[in-house]
1. Which residues, counting only those in segment 388-418, are of a type outside the set (Lys, Arg) and open to solvent by 60 Å² or more (accessible area, probe 1.4 Å)?
2. What do you reckon, is Leu200 under 26 Å from the mean Cα position of the chain (by Cα) and over 23 Å from Leu122 (Cβ atoms)?
3. Any residue in segment 62-75 that is closer than 18 Å to Gln128 by Cβ sitting within a Cβ distance under 8 Å of a residue that is aromatic (Phe, Trp, Tyr) and at pLDDT below 95? List the pairs, counting only those 6 or more apart or interchain.
4. If Ser371 meets every condition in (1) within 29 Å of Leu296 (Cα to Cα); (2) open to solvent by 80 Å² or more (accessible area, probe 1.4 Å); (3) in a loop (DSSP other than H, G, I, E, B) apart from one, which number is that one?
5. Name the single residue, out of those in segment 427-447 being at pLDDT 85 or above and in contact with a helix residue (DSSP H, G or I) (Cβ under 7 Å, 6 or more places away or on another chain), that is most open to solvent (accessible area, probe 1.4 Å).
6. Hey, could you check segment 385-399 for residues that are part of a helix (DSSP H, G or I) and not charged (D, E, K, R) and say which is farthest from Leu344 (Cα to Cα)?
7. Does any residue of segment 287-296 turn out to be of a type in the set (D, E, K, R), modelled with pLDDT under 70 and buried (at least 16 other Cβ atoms within 10 Å of the Cβ)?
8. Pull up segment 374-384, narrow it to residues that are in a helix (DSSP H, G or I) and of a type outside the set (A, V, I, L, M, F, W, C), then point me to the one that is surrounded by the most Cβ atoms within 10 Å (Cβ to Cβ).
Amino acid sequence: MDSHENAPAPVRRARVSCTHAIASTAIAVPHQCAGRTQCSWYGMSFEDEAQPLPTELDTASVPRYLVVTKDKLQVRYVGKANHFEDVGAIRSNWPCPQRCFLYYYEATVLDSGARGCLAIGLAEGGCQLNRPPGWESSSYAYHGSSGKKHFESEQGEPYGPGFVSGDVIGCGLLCLRREIFFTKNGQHLGVAFCNVSSDLYPTVGLHSPAEALALNFGAECFKFDVANFITTTRQAKLEQVSQLPIPISSMDQIVRRYLLHFTFKDTLAALDQKTPVPASHTEPLSVDADCLGGSLEHRRQLRQRVLDGDICGARELCDRCYPHAMERNPNVTFLLHTQAFIELIRAQQPLEAVTYAQTHLAQYRSHMEASFPGLLQDAVALLAYDDPIRDDVPIRYLMRQEQRELVADALNSAVLAECGEESTCALERMLRQLVAVHHTLRDSNLGFGDSFRLCEGVRLQNEGMRD
């Protein structure tokens, strides 16, 4: 098989997962993400704590040379600027979030004043407010009078054009790379600073009569096309990764094991038929010869019964073919009992569901909470709703097909373990490693970087392939 286009659709999707596992191309929530971000894929999950966003200027300690409007989004210099340290600097109310792909804000020059001594950038919270950002320690800024960039320096370095009244200057923090860039009137001016410090606040400085700025922290549309910047930056990473030498035959073996693991028998047969076997390959490729093939048909039937909602039928088949599997996997037994209860709710048999819960679920009221927090409580709460699949029902997730898939996967893993096989497939183990590596790298990067978004990444890659 020479390309993705010639492969069956499930194979293409699995190959994309392989590529993402190797590429570590994590997809983030949109720029300036607020609140919690979470990723979950085959039990691999990570949740960020909430990070507040800058929304306005911090007026708790405004220098005497500045006046801030009531909405705390505009600032004007009202001093005479006769002295070297008559600078008025002001920062936002919160630092930039670090657990996102990009943070960005813009400042519109309402008036460049007598000398245009404006400075726009980022600075740590401890920086003095009577000196321009960029002069102080751990501060980074773009200065309007000279067009220079400044980092802990009064001299600065050449960077871009100066800016005057009417110009819109943007400042972006590309978190994963710890890079700061600036824009002017929607045009990217290039990377200004690398390996920047953490806990940076949007900060502006003014130092000549009548200077005035209006800040936009995201409440209004930006002049700079942030969405396109994010897309092109990620695409460049994908193109870089696509140059890595990854043999299709190696990916096909990972895909084959994935299909065997999750009992995609027909797709596996199609792959074996269409994929040429290298002459030097010694591992058996067919379903019958593979070590997982012996249990494939039983596992396929078990999975299908769970996906069809026939939990009793799945239990009977499992007990007949693998009599000790449930005894050795109490967590899976609990999931099956819970799903059987959910199926009675789905069939609109509440009285039978109550009886089933009293008989089979009461014993789990305490010791399954650690393994499945809130699951039993949510399941029993379904009894309170006449139509638990409505969009306004907070626990409607239990009525979705995805919940059946979760139970089917757990049962499949238990049977594999009973047969002496790995309970997880190679692709899943690769992705678990990817999650661990991603979070370790982010920790070592001063906490900069977006949350892991594997499922979103696969979706975007699939859309790119269709295009």
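The values are calculated or read from the model by the stated rules, or taken from the named source; none is laboratory data. These numbers come from a predicted model, not from an experiment. Backbone-built Cβ (ideal geometry, glycine too); neighbour counts: all protein chains shown. Each accessible area value is taken on the protein alone, full model and side chains, heavy atoms only, with ligands, DNA and RNA left out. Shrake-Rupley method; radii C 1.70, N 1.55, O 1.52, S 1.80 Å.
1. Across segment 388-418, the qualifying residues are Ile389, Asp391, Asp392, Pro394, Tyr397, Gln401, Glu402, Glu405, Leu406.
2. In short, no.
3. Going by the 8 Å Cβ cut-off, the qualifying pairs are Tyr65/Tyr77; Leu66/Tyr77.
4. Going through the list (1) within 29 Å of Leu296 (Cα to Cα); (2) open to solvent by 80 Å² or more (accessible area, probe 1.4 Å); (3) in a loop (DSSP other than H, G, I, E, B), Ser371 breaks only (2).
5. Only one residue fits best here, namely Met430.
6. Tyr397
7. Yes - at least one qualifying residue is present in segment 287-296.
8. Only one residue tops the list, namely Asp378.
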